[in-house]
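Everything on this sheet refers to the single structure shown next.
The values are calculated or read from the model by the stated rules, or taken from the named source; none is laboratory data. Just so it is clear, the structure is predicted and the values come from calculations on it, not from any experiment. A quick note on method: Cβ atoms are made from the backbone with ideal geometry, for glycine too, and the neighbour counts reach across all protein chains shown.
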Amino acid sequence: MKRIANFLFETGMLKRTPRTGFQFLGSGAESVAEHIFRTVYIGYALGRMTNGVDTDKLIKMCLFHDLPEARTGDLNYVNKKYVKPDEHKAIDDLSGTLPFGDEIKEFIFEFLEGKTLEAQLAYDADQLEMILALKEYKDLGNKYADEWLDFAIKRLKTDIARELAETILETDSSLWWFEDKSDWWVHGSKDKK
């Protein structure tokens, strides 16, 4: 049980590990845990929209794909020009302490290898999470987000992810909650008072 407790404390570190790329964008901030959270939902959606996919496996890859960053930190594209984290050692060290460590290790390595459809969709979910964040920042006026969006879209591997990305770019990020511009926004209900 001590090893399980340690694992759960380690996963908590992801809440305090910042995603470092936003420093270069000039706006926005999120933790690795926040990134993983939405990536899991995206992976679920991609899995449900794609025939022949093991959605459970896909979701687990999304859940664990950045787990090594609790040990290595999040390195952005500039950092990676100069520093190479030993993700394999981080994964081996973590998985060696857990009774279910081999399963976590398999999910992460399959994600990193990117050969299966589930791994490609998990990779795309990771990229789509960034695309969603960039679209939100673009809608709030960040003029650099467009350039970043171009690169993120080029990294997508599947047609379904490219189609979803196209829809994301065409959709106002506040539309989900502000589409109904009725009197509710004036009076607090749909019925006029």
Exactly one of these conditions fails for GLU179: (1) farther than 27 Å from ASP74 by Cβ; (2) touching a Cys at 6+ places or on another chain (Cβ under 8 Å); (3) not polar (S, T, N, Q). Give me its number. (2)
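Condition check: more than 14 Å from ASP124 (Cα to Cα) and in contact with a strand residue (DSSP E or B) (Cβ under 9 Å, 6 or more places away or on another chain). Does ASP74 satisfy that? Give the steps one after another, and end with the answer.
Details: more than 14 Å from ASP124 (Cα to Cα): yes; in contact with a strand residue (DSSP E or B) (Cβ under 9 Å, 6 or more places away or on another chain): yes.
Yes.
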Given the condition more than 27 Å from GLU113 (Cβ to Cβ), in a loop (DSSP other than H, G, I, E, B) and either of a type in the set (Asp, Glu) or touching an Asp or Glu at 6+ places or on another chain (Cβ under 7 Å) (or both), answer yes or no: does some residue in region 142-155 qualify? no
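Here's the yes/no breakdown for (1) of a type in the set (Gly, Ala, Ser); (2) within 24 Å of PRO18 (Cα to Cα):
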site	(1), (2)
ALA125	yes, yes
LEU128	no, yes
TYR137	no, yes
LYS143	no, yes
ASP150	no, yes
GLU163	no, no
GLU179	no, no
Could you pull out the residue among PHE111, PHE100 that is over 20 Å from the mean Cα position of the chain (by Cα) and either modelled with pLDDT of 95 or more or more than 21 Å from HIS35 (Cβ to Cβ) (or both)? PHE100
Restricting to helices (runs of 4 or more DSSP H) lying wholly in region 24-133: which have 3 or more residues that are crowded, with 21+ Cβ neighbours inside 10 Å and touching a residue at least 40 places away in the same chain (Cβ under 8 Å)? 32-49, 55-64, 101-113
